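Have a look at the structure below, then the notes.
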Amino acid sequence: MFEHLAILAGFTFLYSVVAGRIDKMAISGPIIFTTFGLICGPLGFGFLTIEKDLELLRTLAELTLALVLFTDAANTNLSVLRQSENIPTRLLLIGLPLTILFGFAVAPLVLTGLTMIEMAILATMLAPTDAALGKAVVSNPSVPANIREGLNVESGINDGICVPVLFLLLAVASGSGEGNTGSSLALRLMTEQLGIGLAVGLGFAILGAWMLRQGARRGWITDTWKQISVMALAFASFATAQVFQGSGFIACFSGGLLFGALAKGHKEELLEAGEGFGDSLGLVTWVVFGSMIVGPVLMRLTWPVVAYAILSLTVIRMVPVFLALMGSGIGTEGKLFMGWFGPRGLASIVFAVIVVQEHLPGDEVLTAVVAFTVLLSILAHGISANPWVRAMAARP
C-alpha cells in the first residue's frame, strides 16, 4: 500500500512542477497519467499491482466527477448562459436522444454477440460527455463563450439524464421491471433521479451559502476551512442524493450552479482548492484506469471494438450535435467543434462498472468497448484540444 502511495504521490508532485507547461502542449494530464498507470501496472514494470477492485475505480470516478461537476458549474458564467441557453437545451433535448439512437442503430452493424437491449445499454453508457476531460476546452477563453458554456452545461447534465435511462434498460435486461410498464418505470426513475437530485443540490447550495456568509460575517471561518467547505459541500450533495435514490451528479451540477450565483463575489477564492483537489483526484483515477483496465482491454482488443469506438467519437456523436444545432446561429466550424469535443470519460467508466456488476451475458464486450472508447477519447481529444482552439482563435 505505502509503495503505491509513494509512487502515486511522487509522480503527482513531478507533474505539478511542469503542469503549466504541459497545459500548452498537445498532450494532456489524463494521457500522461493513464500511460503512467499502464507502464507501471501488471503489464508493464509491475510497480503498481493494484488489484482489480471495481468498487475502488467506481468510487474514485464518482467522487472525481462529483467535485468537477460542482466546481465547473459554480464557475459557469450565468449571464452568458442566459444569452445562449438554447445551445445546451438543443444539445440535451435533441442531441442526446439522437446520440443514443444513433449508437443503438450502429451497434448491430459492427458488433456481434450482443442482444438488442445490451446494444441500447452500450449506446447509453457512451452518450454522456466528460466535464473533466473537456476542461481544456471549456476553461479556455479563446473558445467563444457561448460554445464554452454550452459544452459545460451539456457535460454537467447529460450524465444525470442518462442514469435513469441506464437503470431502466438494466431493469428490463434483468427482468426486474416486469411488474411495471416501460413508461411508468421510466417516469418513476426519471422523477426520482432528477427530482431528488435537484432538490438535494439546490437545498444544500442555499444552506451552504447561507452558513458560509454567517460564518464569515461573525469571523468564525478561516481562509483554510473556507476552501475545504466547498469540497465538503460537493461531496455531501452527491452522497445525500445517492442515499435517497436520486442522481448525485445532477445534485452536484445544479447545486454548483446555484452556489456560484449566490457566492459570485467570492467564488474564485472559495473554489480554488476544490478545483485543484478535483484535478488531482482525476489524475489518480486515470492512473488506476491505466493500471487496472487498459492493459486487459488491449490484450483482448478486436476490430469490431475499435470500429465502434471510432464511430462513437465521430459519427454517432457529431451528426446528432450538428443536427441539433441547425438554426442556432452557430457556424459550421462551431457545430463540428462542439460535436467533436464530447469526450467520454468518468461517467462512462462509472456506467461500465454498474453494468459489469449486473453480470449480463455480453458484459465483457460492453466493458471492452467502453474502456477502449474512453482510452481513445483521452488520446484524441487531449491531442486535438489546444491545436484546434489556437487555430479557431487565429481566424476572425
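The values are calculated or read from the model by the stated rules, or taken from the named source; none is laboratory data. Note that the structure is predicted; figures quoted are calculated from it, not measured. Note that we place each Cβ from the backbone using ideal geometry, even for glycine, and neighbour counts take in every protein chain shown. When the accessible area is computed, the model is the full protein with side chains, heavy atoms only, and any ligands, DNA or RNA have been set aside. Shrake-Rupley method; radii C 1.70, N 1.55, O 1.52, S 1.80 Å.
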The range 251-301 versus the range 319-353: alpha-carbon centroid distance in Å
20
Please check the chain for the longest run free of trypsin sites (Lys or Arg not before Pro) that are loop-located per DSSP (anything but H, G, I, E, B) and have at most 15 other Cβ atoms within 10 Å.
53-217
Please report, to one decimal in angstroms, the Kirkwood hydrodynamic radius of the chain built from all distinct Cα-Cα pairs.
21.4
Can you give me the Kirkwood hydrodynamic radius for the range 295-373, using every pair of distinct Cα atoms, in Å to one decimal?
14.0
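Mean separation of Cα pairs under 8 Å and 6+ residues apart, divided by the residue count of the range 1-153: what relative contact order is that in percent? Kindly include the intermediate steps, with their values, before the conclusion.
Details: 79 pairs, mean separation 35.2, N = 153.
About 23 percent, as a whole number.
By accessible area of protein heavy atoms, probe 1.4 Å, what ranking do Asp72, Asp223, Asp279 get, highest first? Working shown, then result.
Working: Asp72 10, Asp223 105, Asp279 75 Å².
From most exposed to least exposed: Asp223, Asp279, Asp72.
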Averaged per residue, what accessible surface does the chain expose to a 1.4 Å probe, in Å²?
43
In whole angstrom, the spacing between the Cα centers of the range 92-107 and the range 11-38 equals 33
Which aspartates and glutamates does Lys267 reach when only Cα atoms under 15 Å apart count, and residues fewer than 8 places away in its own chain are ignored?
Asp72, Asp223, Glu275
Determine by what factor the alpha-carbon radius of gyration of the range 260-396 differs from 2.2 N^0.38 Å, reporting the quotient.
1.27
Calculate I(q)/I(0) for the range 1-149 by the Debye formula, one identical point scatterer on each C-alpha and no solvent, and give its log10 at q = 0.15, 0.16, 0.18 Å⁻¹ to two decimals.
-1.11, -1.18, -1.26
For Ile117 and Arg213, calculate 0.36 nm times their separation in residues minus their Cα-Cα distance, and state this gained length in nm to one decimal.
29.6 nm
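If I take every Cα pair under 8 Å that is 6 or more residues apart in the range 220-375, average their sequence separation and divide by the length, what percent do I get for the relative contact order?
Details: 93 pairs, mean separation 34.0, N = 156.
It comes to 22 percent, rounded to a whole number.
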Given the DSSP H assignment, sum -39500 (n - 2.57) over each helix run of at least 4 residues in the chain and divide by its residue total; what's the result at 222 nm in deg cm²/dmol, nearest 500?
-24000 deg cm²/dmol
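Just subtract the alpha-carbon distance of Leu56 and Ala394 from 0.36 nm times their residue separation and send over the number in nm, one decimal. Could the numbers behind the result be given before it?
Details: separation 338, 0.36 × 338 = 121.68 nm, distance 4.33 nm.
Length difference between fully extended and current span is 117.3 nm.
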